[in-house]
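K.L.:
Let me begin by handing over the structure; questions about it come next.
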Amino acid sequence: MRFPASPVRARPPGRLASALPLFVAVCALAGCRGGKTGPDTASSSAHRYTARAEVVQLPTPGRAPAQIVVRHEAIPGFVDRSGAAVGMPAMVMAFDLARTASTEGLRAGDKVEVVVAVDWSRPLLHVEEVRKLPPETVLEFGMEAGQQR
Ligand SMILES: [Cu+2]
């Protein structure tokens, strides 16, 4: 028997709570820990990934650490803690924002390109840069984490 499709991507932006289990699941998969703190620059040993995404939630002013929630496309070649290039499927995900990353002028729903820096030795996983893409950009989310065919 097939389960009815649960199209996570069809949910309206802002329903963040529904996305959190996905994040936690992938976090466990990737082996990341909470409390990503420390100096605000990734070391040269960090991996960097550029991914296209849609802004789901912008940072809340005055709340630290500054975080951005985006729905990002798949990140092929994403390297996990063990060094294996496991890739990361498309998903809604919250990232810490490096101080260098400006979200000025951005609004929820905007198409962006994010540069994600990951350094498992710290550990550190944050967005270093957010660049706005043309609104007509078509993003491909395919099948997101947690979905079943
Ligand atoms: Cu992700």
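Just so it is clear, none of the values below were taken in a lab; they were calculated from the coordinates. Everything quoted here is computed from the prediction, not taken from an experiment.
K.L.:
Contour minus end-to-end for residue 133 and residue 82, with contour as 0.36 nm per residue of separation and end-to-end as the Cα-Cα distance?
P.N.:
Full-extension gain reported as 15.1 nm.
K.L.:
Quick one: what are the phi-derived ³J(HN,Hα) couplings along segment 106-123, Karplus 6.51/-1.76/1.60 with θ = phi - 60°, whole Hz, x for glycine and proline?
P.N.:
For segment 106-123, the Karplus curve yields 8, 9, 4, x, 5, 8, 9, 10, 10, 9, 9, 10, 10, 9, 5, 6, 8, x Hz.
K.L.:
Moving on. Classify segment 56-106 as rounded, prolate or oblate, taking a ≥ b ≥ c as the square roots of the eigenvalues of its Cα gyration tensor: rounded when a/c is under 1.5, otherwise prolate if a/b is larger than b/c and oblate if not.
P.N.:
prolate
K.L.:
What does the C-alpha gyration tensor say about the overall shape of segment 45-138? Classify as rounded when a/c is under 1.5, otherwise prolate if a/b is larger than b/c, or oblate.
P.N.:
It comes out oblate by the Cα gyration axes.
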